[in-house]
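Notes follow once the structure below has been shown.
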Amino acid sequence: MKLPSLQIGNLKAKIPLIQGGMSIRVSTSALAVPVADCGGIGVIGGSGILAEELKEDVLRAKAATDGIIGVNIMYAVKNFYELVIGSIESGVDLIITGAGFSRDIFKIGKKYNVPIAMIVSSPTLARLAEKLGAAAIIVEAKEAGGHLGTDKPLRTIFPPIREVVKKTPLIAAGGITNGYEMAELMDEYGADGIQIASRFVLSEECPVADEFKQAYLDAKKDDIVLTSSPVGLPGRALNSPFVRALAKGEDVKAETCKLKCLKKCDYHYCINDRLNAAKSGNVDEGLFFSGENTYKMKSILPVAEIFKQFITQAESVYKETRGFSPPAE
């Protein structure tokens, strides 16, 4: 059966698939544009960079596609509101946020008529996000890469959140690697769509260094671990030399903090430096955020081929969605 479209506010994605916004500079317009062209929602990672850089990348994306372009901005970053307003001024279609909870973001979204999607990991925050006016809610579980808000798996936390979210599209995120899982989450769990990130690192269009992609390809199940982050949340990453040094208690602190990018930071290392090192392919010094199931992915494909595989697999088993349906016009 054909997959339904995904309605978020005034936006309609032909394919109910959001590409996760990975920072720093992992998901840029170079990745978001082909995702949007395929009918999904392409997302630029907006954390850990200057507002002007984000504005330029959103403008670049909007000029290159008629599809939906979003940004993902962590509430934990110090220039959160500057990044949000800059994205809006550049014509972004959707703002996704997490790693903290902002009430004011919903007022900003309403003022500028830009839908806000909130990343949550609990029924309490999901209910609050819906009450405050979230246009979509993304349920992110322990299987996700990067910063985590829960230690529970997706199929455990999704049902109780689906129970309390009655009128808002609900997106499943964390550890999804193929279209069969996409159909399962939509059919059996009532998801209105999915968000995937790590699979798109292994796309031809993702602008990270070849060494980053090779680290993903080489990863085995035991190579994907939890580590600490200056953000104050645990993070899921590859067990790189840097992560191993961190686990041993070695001194990995930066000599200076150049950007002071976080609202609250314990400074035990500079996450901006480490993520940029990974993006550049520095295997020894980099922090390679990774989803729990990255080890299952063994090929680098064009974005269009990734979409084709997901859609073909999902539609071969998909029956009907139990999730949110927008009211008839």
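Any read-out appearing in this document is the output of simple, stated calculations on the displayed coordinates, not a laboratory observation. Predicted model only: the values in this text are computed from it and were never measured. Here Cβ is always computed from backbone atoms with ideal geometry, including for glycine, and neighbour counts include all displayed protein chains.
Note on the chain: with a GNM built from Cα contacts shorter than 10 Å, the maximum mean-square fluctuation among 20, 179, 70 falls on 179.
Proximity of backbone amide H atoms, modeled 1.01 Å from N, is registered between residue 96 and 71, 72, 73, 117 at under 5 Å, excluding neighbours fewer than 5 places apart on the same chain.
Taking other C-beta atoms within 10 angstrom as a stand-in for reagent exposure, 50, 6 fall in the order 50, 6, fewest first. Given (1) 206; (2) 307; (3) 118, which label gives volume of the Cα convex hull per residue in Å³ as computed from the coordinates? Read-out taken from this structure: (3). Taking a virtual spin label 7 Å from the Cα of residue 222 along the C-beta vector, which residues in the stretch 239-260 bring their backbone nitrogen under 18 Å of it? From the stretch 239-260, the list is 239-241, 243-245, 247-248. The Cα-based radius of gyration of the stretch 134-273, divided by its Kirkwood radius, gives an Rg/Rh of 1.01. The value of relative contact order for the chain, using C-alpha pairs under 8 Å at least six residues apart, is 19 percent.
Partner lysines whose Cα lies under 29 Å from the Cα of residue 264, excluding those fewer than 8 positions away in the same chain, are identified as 55, 78, 107, 110, 111, 131, 142, 152, 248, 253, 279. Working from label points 7 Å from Cα in the Cα-to-Cβ sense, the residue 101 to residue 89 distance is 3.1 nm. The stretch 160-206 and the stretch 76-118 have Cα centres lying 22 Å from one another. Segment residue 316..residue 298, full-extension length gain: 4.3 nm, with 0.36 nm per residue of separation and the alpha-carbon distance subtracted. Taking the Cβ-Cβ separation of residue 233 and residue 128 as r and a Förster radius of 25 Å, what is the calculated FRET efficiency to the nearest 0.05? The pair residue 233/residue 128 has a calculated efficiency of 0.85. Converting phi to 3J(HN,Hα) with the Karplus coefficients 6.51, -1.76 and 1.60 and the offset θ = phi - 60°, the stretch 41-52 yields 10, x, 10, 8, x, x, 9, x, 10, 7, 4, 5 Hz in sequence order, with x at every glycine or proline. Round to the nearest 0.05 the FRET efficiency obtained for residue 63 and residue 245 when R0 = 51 Å and r is the Cβ-Cβ distance. Between residue 63 and residue 245 the formula returns 0.75.
Rounded to the nearest 500, the 222 nm mean residue ellipticity of the chain from helices alone is -10000 deg cm²/dmol, with -39,500 (n - 2.57) taken per DSSP H run of at least 4 residues.
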